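**Q** Starting off with a structure, shown below.
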Amino acid sequence: MDFLTRINAVLHHEEPDQVPFAPYDNLVPRGEFVRALRDRGMGLCSRRSTIWSEKPNVTVGVRNEGDVVLTVYHTPEGDVSTRAKVHVGRIAGREAIQIEGMIKSIEDYDPVIFMIEDTVYHVDNSIYYNTVRDVGRDGIYRDAGIDPEAEMSPYGATRKYFGETYGLETWVYEQLDHPDHFARLVKALEKREEKRFQLVADSPAEFIGFGCAEGLWSPEQTRKYELPFYKKWVPYLQSKGKICALHADATNLRSYKEVIAEMGIDVVEAFTPPPVGDLSLKEAREAWGKNTIIWVNFPETVFWFGAQETKKYTIELLKSDAPGSALVIGFTEMGLWGVANDETAQAFRVGTLAIMEAIEEYGNYPIKA
């Protein structure tokens, strides 16, 4: 099988010839190294979106303050702003880290909610067709939403407005200090998503990103605030022929395995097993069943133990999920972003080759435990 046939076999619950090796396309280098791996069957997951948005009644001003970008949003309800640190190197996929969110006080809710309600979505299906044509049989297209926020539930997406990681504490306290305002924010995002999902349902893309499990709030909150969102929209999108993938990059998934099983998701991707995560592939399979596709984010920490140990780890990983018809190996979190010098580049090359060798030798279907 070529890569596209192989990954589609997995996504459609058919028998692949081998476990696919499918990193995100932005997490592997270009050049002869990856070309050689692609010749050996590795493919790429290309995440794009056919949907774009505008806010016709919002104007935006941007100013650089050294390595910090100040963005001011002017709305009829008032102004809000964000600050993002740039030139941070390869520690962030977007090469910028938000250090200050829009909502800093109770007065900021009205402008933010106005912006959400003012959002108008548009479709450009040429993005899908051009990407599919460009990657050919060497990749799979996944509609990833407009930005990372678009893959989250409305509840999870609220965190962005408080400053992402830097605003986590504020986000937590706001839910307790101003619950009515916070509830209005969630409701506005829910209504906005209803508009977007109608377009997602009509997208030519079959494989879509849907939801995120970050492990930053409790399983109880996930069940209360997010599970109804999944139970409403996952069946709807599946009825339109979509394959829905949850980005489960939390390292504490052991606490969330039951609630994830209730979401009805087709693919759990970004799943990171020990020694980085706390849930093994075998335990995840037991919790989510044989029909849930598990797309592993290979824990690059293992690379530092050398080629032999990396290959051994990969073989054990493969055997733990025999026969291997619902398994994908990839990089979804770090990959190339962890390469910053010759030493890390060498560790990445050696480790990636070890994964490829293990899949070639032990990843052929059906895998024997």
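Each reported figure results from applying straightforward, stated rules to the coordinates on display, with no laboratory input. No experiment lies behind these values; they were computed from the predicted model shown. Cβ coordinates were reconstructed from backbone atoms using ideal geometry, including for glycine residues, and neighbour counts include every protein chain displayed.
**Q** What is the local net charge at Gln238, summed over the other residues whose Cβ is closer than 14 Å to its Cβ (Lys, Arg +1; Asp, Glu -1)?
**A** Every neighbour counted, the sum reads +2.
**Q** For n ≥ 4 DSSP H runs only, could you compute -39500 (n - 2.57) per run for the chain, divide by its residues and tell me the 222 nm figure to the nearest 500?
**A** On the way: 12 runs with 133 residues, N = 369.
The helix contribution divided over the chain gives -11000 deg cm²/dmol.
**Q** Within region 253-303, report the trypsin sites (Lys or Arg not before Pro) that DSSP leaves as loop and that have at most 15 other Cβ atoms within 10 Å. It would help to have the intermediate numbers written out before the result.
**A** On the way: sites: Arg254, Lys257, Lys282, Arg285, Lys290; in loops: Lys290.
The qualifying sites are Lys290.
**Q** Hey, can you list the DSSP H helices of the chain whose Cα span along the axis is 15 Å or longer and whose average Kyte-Doolittle score is at least -1.0? List each step's numbers first, then the result.
**A** Details: long enough: 179-201 (32 Å, -0.73); 227-239 (18 Å, -0.32); 307-319 (18 Å, -0.85); 342-362 (30 Å, 0.01).
Passing helices, by number: 179-201, 227-239, 307-319, 342-362.
**Q** If you take the alpha carbon radius of gyration of region 132-273 and divide it by 2.2 N^0.38 Å, what ratio comes out, to two decimals? It would help to have the intermediate numbers written out before the result.
**A** Working: Rg = 15.5 Å, N = 142, 2.2 N^0.38 = 14.5 Å.
Rg over 2.2 N^0.38 Å, computed on Cα atoms: 1.07.
**Q** Please state the relative contact order of the chain as a whole percent: Cα pairs under 8 Å, 6+ residues apart? Working shown, then result.
**A** Details: 677 pairs, mean separation 70.9, N = 369.
Relative contact order comes out at 19 percent.
**Q** Right, here's the next one. Where a Cα-Cα gap under 25 Å defines reach, which lysines qualify for Lys85, not counting those fewer than 8 residues away within the same chain?
**A** Leaving aside lysines fewer than 8 places away in the same chain, those within reach of Lys85 are Lys55, Lys104, Lys160.
**Q** Now for a different question. Reachable lysines from Lys290, Cα under 30 Å, same-chain residues fewer than 8 places away excluded?
**A** Correct list for Lys290: Lys224, Lys231, Lys232, Lys240, Lys242, Lys257, Lys282, Lys311, Lys312, Lys319, Lys368.
**Q** Over 5 Å intervals from 0, what percent of Cα-Cα pairs in region 117-184 sits in each interval?
**A** 3, 13, 17, 18, 13, 11, 10, 8, 6, 3, 0
**Q** Taking the Cα centre of region 96-192 as origin and charging only Cβ (+1 Lys, Arg; -1 Asp, Glu), how large is the dipole, in debye to the nearest 20?
**A** 380 debye
**Q** Per residue of region 14-28, in order, report the coupling 6.51 cos²θ - 1.76 cosθ + 1.60 (Karplus, θ = phi - 60°) as ³J(HN,Hα) in whole Hz, putting x for Gly and Pro.
**A** Residue by residue, region 14-28 yields 10, 8, x, 7, 7, 5, x, 10, 9, x, 4, 5, 8, 10, 10 Hz.
**Q** In 5 Å bins starting at 0, how do the alpha-carbon pair distances of region 2-119 split up by percent?
**A** Histogramming region 2-119 at 5 Å steps yields 2, 9, 13, 12, 12, 12, 9, 8, 10, 8, 4, 0 percent.
**Q** Let me ask something else. Are there trypsin sites (Lys or Arg not before Pro) in region 7-49 that DSSP puts in a loop and that have at most 10 other Cβ atoms within 10 Å, and which ones?
**A** On the way: sites: Arg30, Arg35, Arg38, Arg40, Arg47, Arg48; in loops: Arg30, Arg40.
Counting only loop positions with at most 10 other Cβ atoms within 10 Å, the trypsin sites (Lys or Arg not before Pro) in region 7-49 are Arg30.
**Q** How much net charge surrounds Ser280 when only the other residues with a Cβ under 11 Å from the Cβ of Ser280 are counted, with Lys and Arg +1 and Asp and Glu -1? Could you put the intermediate results ahead of the total?
**A** Values: positive: Arg254, Lys257, Lys282, Arg285; negative: Asp278, Glu283, Glu286, Glu316, Asp321.
Net charge in that neighbourhood comes out at -1.
**Q** Set the Förster radius R0 to 56 Å, insert the Cβ-Cβ distance between Leu168 and Asp17 as r into 1/(1 + (r/R0)^6), and round the FRET efficiency to 0.05. Each step should come with its number before you reach the end.
**A** Values: r = 44 Å, r/R0 = 0.79.
In this case the efficiency is close to 0.80.
**Q** Can you give the local net charge around Glu32? Use residues other than it whose beta-carbon is closer than 14 angstrom to its beta-carbon, Lys and Arg +1, Asp and Glu -1. Spell out each step's value before the answer.
**A** Details: positive: Arg30, Arg35, Arg38, Arg40, Arg349; negative: Asp39.
Net local charge, Glu32 excluded: +4.
**Q** Have a look at the chain and give its Rg and Dmax from the Cα atoms, expressed in angstrom.
**A** For the chain, the Cα-based Rg and Dmax read 20.9, 63 Å.
**Q** Next up: Give the long-range amide H neighbours of Leu44: residues separated by 5 or more places, or on another chain, with amide H under 5 Å away, using H modelled in the peptide plane at 1.01 Å from N.
**A** Those qualifying (amide H under 5 Å, at least 5 residues apart or on another chain) are Gly139, Ile140.
**Q** Next up: Go through region 1-37 and name the chymotrypsin sites (Phe, Trp or Tyr not before Pro) that are in a DSSP coil and have 13 or fewer other Cβ atoms within 10 Å of their Cβ.
**A** Details: sites: Phe3, Phe21, Tyr24, Phe33; in loops: none.
Counting only loop positions with at most 13 other Cβ atoms within 10 Å, none of the chymotrypsin sites (Phe, Trp or Tyr not before Pro) in region 1-37 qualifies.
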